Each structure stands twice: as structure tokens, then as C-alpha cells.
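Following: one structure in C-alpha cells, then a few remarks.
Read-outs: derived from the displayed coordinates by stated rules, not from any lab. Fair warning: this is a prediction, and the values are worked out from it, not measured in the lab. Neighbour counts run over all protein chains shown; Cβ positions are idealised from the backbone, glycine included.
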Amino acid sequence: MSRAVSPLKVYEYLACGKPVVSTPMEGLSREAAGEWIRFVKREQFAVVLAQALNEEASSKINIACVETAREFSWTSHFNKLRGHLEDF
């Protein structure tokens with residue numbers, strides 16, 4: 001199950017333009033959002049997180065990151081599902 005997990009909170013962080021640091025998550029790494037996530041081993045987590053927070057303080061919101069997160073919004077999910085429901 002942990003190989004396929006895709007936590008929704010990640011998309012909320014990305015939609016806000018926040019840096020995301022995570023231990024490796026196969027499900028997330030396969031998605032377009034995975035491009036914006038820094039996957040690190042447990043031992044590196046604190047160091048990379050500190051770097052991300054320092055970078056965030058001195059940078060602007062990454063619009064491309066926010067746009068990628070929109071693909072995973074509830075509206076986007078609903079519109080994909082609605083397309084399948086209209087076939088019935």
C-alpha cells in the first residue's frame with residue numbers, strides 16, 4: 001500500500017507554492033507533481049528541509065508548481081470522473 005500512496009496534503013503545499021520534502025514515495029514520484037518534490041533518505045531529511053525553508057524565504061512562488069498541483073484538485077478529479085459517468 002505504501003508504494004501507491006499519494007497524500008493529498010502534498011498537493012495543497014504545492015498549490016501554495018511551498019517546497020515539499022519527502023522520504024521516497026513511489027506513488028508520488030510517478031506523478032507530474034513528483035517533479036516538484038525533493039525525495040530524500042531519512043538521514044538527509046532535516047538538512048534538505050532546512051535548505052528548502054531557506055530557499056523559500058528568499059524566493060517567489062513558483063507558478064509552474066502551482067499549475068501542476070491544479071491537476072490534482074478536487075475539481076479536476078470530479079471532471080475526470082464526470083466524463084466516465086456520462087458514458088452510462
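Of note:
- Taken over the range 8-85, the convex hull of the Cα atoms encloses 86 Å³ per residue.
- If R0 is taken as 41 Å, the Cβ-Cβ distance between F39 and N79 corresponds to a FRET efficiency of 0.90.
- Positive-end ranking of P19, F39, T68 along the dipole of the range 8-85, with charges on Cβ about the Cα centre, is headed by T68.
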